[in-house]
Amino acid sequence: MSAAAALVPLADDVGALAQRIDAAPDVAALARLAPEIRRLAVELIAQDAGAGWLTRVLSGLNERLTMRIMDRIVPRHRLPAAGWCWLTMGSEGRGEQTFVTDQDNGLVFSATDHAEARVLRPLFLDMADEVNQALAACGFPLCEGGIMAGNAQWCLSVEEWCQHFGHWILTPEPKALLNATIFFDLRPLYGDATLADALRQQLQRQAPRAAGFLRMMAANAVSVPAPLGRLRDFVDTDGHKERVDLKKYGARLFVDAARVLALAAGVAPVATVERLRAALPVLKLNANDIDAAILAFRHVQRIRLLDQHRRLSRGEPADNLVATDSLNGLDRKFLVDSLKEARSLQFVLQKTFRLESL
């Protein structure tokens, strides 16, 4: 049986699990279903599902679970008549979640001015915090950095969000931008999507004209080196001997580069592959370079997912640290070549934004 044929019944299982999530009567039932999402994803990767498809399945089912949580929680709260939208960010916003993920979300609401926003905000916060806690009960840890809708700092009116983005774009600061990158991956998940669209449209208008902002974003993106050694294939990352963090020093290199290219091009996609493809004609990039970067990104994600799958299959906690000596010869070569492509993509940023040599 071909790999594609083997995936057909599992695809049916994805649909059946989505229906069970939609029918779940309460958060407790959803908490029982959440492990099924990860179990099904493990089966998919065991059947050689591609990394792109697998991360979309994981993200899609996780989104469905989040929306069902909100279906059950939102009606219990007396929310104001103002329009509002739940925002998803980071890997979930990009549709690139792996087996290891925490919460990155926010909330945008409609208000006539800052005074009304201050009055409305507390009315949304109780609901948002309950959703955050319910997601935690379903296996999505609370964000250590507090980037959650239940945090008043990220439960904002359209005008307040626009002011944040305007400040990041018009008066950029390196450290602030490094911490803000996750917000440039926002996507509407639940509620009035037009409010999120207003934020995206501001980014698409302002970012391509803000040379200082783009150069600083690009500088941040190339500041993380590919973990390749001169005398050996890999170098240890952050003191982890014989292990490489394939989120921070792997996937992130492609994600950060694609983000700044998309912002410079003023294009709408938030997923990494779609960003690279959309930016290519606008910025007149080399098509071969972009094709190679996309293939390399998928290889990194596949190796990352396979390692997480192996750990979960052994009943061990999964993370993003891959023991390089555990890789077979082919995957080791794929990873080395992929990280070289990440470095090449950083050189594309260096050339496009006229940065100093890496």
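General remarks:
- Span-like helix ranges in the chain, DSSP H, alpha carbon extent 18 angstrom or more, Kyte mean at least 0.0: 3-23, 27-46, 51-73, 114-137, 252-265
- Remark: the Cα gyration tensor places the range 26-72 in the oblate category, a/c being 1.5 or greater and a/b not exceeding b/c.
- Cα gyration tensor shape of the range 250-301, rounded if a/c is under 1.5, else prolate or oblate by comparing a/b with b/c: oblate
- Its DSSP H runs of at least 4 residues, each contributing -39,500 (n - 2.57), put the calculated 222 nm mean residue ellipticity of the chain at -20000 deg cm²/dmol, to the nearest 500.
- Largest first, the residues Thr66, Thr352 sort by 1.4 Å accessible area into Thr352, Thr66.
- Within the range 163-267, the trypsin sites (Lys or Arg not before Pro) that combine a DSSP coil assignment with at most 16 other C-beta atoms in a 10 angstrom radius are Arg230, Arg232, Lys241.
- Gyration tensor (alpha-carbon) shape descriptor, the range 83-199, a/c threshold 1.5: oblate
- With all protein chains kept in place, the per residue accessible area of the range 199-322 amounts to 44 square angstrom at a probe of 1.4 angstrom.
- The range 266-358: GluC sites (Glu not before Pro) in DSSP loop, at most 12 other beta carbons within 10 Å: Glu356
- Using heavy atoms of the protein chains and a probe of 1.4 Å, the accessible area assigned to Thr324 is about 10 Å².
- Overall Cα dimensions of the range 63-143 - principal axes, largest extent first, Å: 41, 24, 18
- Separation of the range 26-95 from the range 109-176 is 19 Å, based on Cα centroids.
- Heavy atoms of Asp104: accessible area, 1.4 Å probe, square angstrom to 10: 20 Å²
- The chain, accessible surface, carbon-and-sulfur percent (1.4 angstrom probe): 53 percent
- Debye intensity ratio in log₁₀ form over the Cα atoms of the range 203-270, taken at each q of 0.13, 0.16, 0.21, 0.27 Å⁻¹: -0.46, -0.62, -0.83, -1.12
- Above-threshold pairs, the threshold being 22 Å between Cα atoms, out of Lys247/Lys333; Lys248/Lys333; Lys175/Lys284; Lys175/Lys247; Lys247/Lys340; Lys175/Lys340: Lys175/Lys284; Lys175/Lys340
- Kirkwood hydrodynamic radius of the range 46-104, from inverse mean 1/r over distinct Cα pairs, in Å: 13.2 Å
- Pairs of alpha carbons in the range 201-315 whose separation is greater than 20 Å (percent): 50 percent
The values are calculated or read from the model by the stated rules, or taken from the named source; none is laboratory data. Note that the structure is a prediction, hence the values are computed from the model and not measured. Heads up, the Cβs are rebuilt from the backbone with ideal geometry, glycines too, and the neighbour counts pull from every protein chain shown. Note: accessible area is taken over every heavy atom of the protein model, side chains too, but ligands, DNA and RNA are not part of it. Shrake-Rupley method; radii C 1.70, N 1.55, O 1.52, S 1.80 Å.
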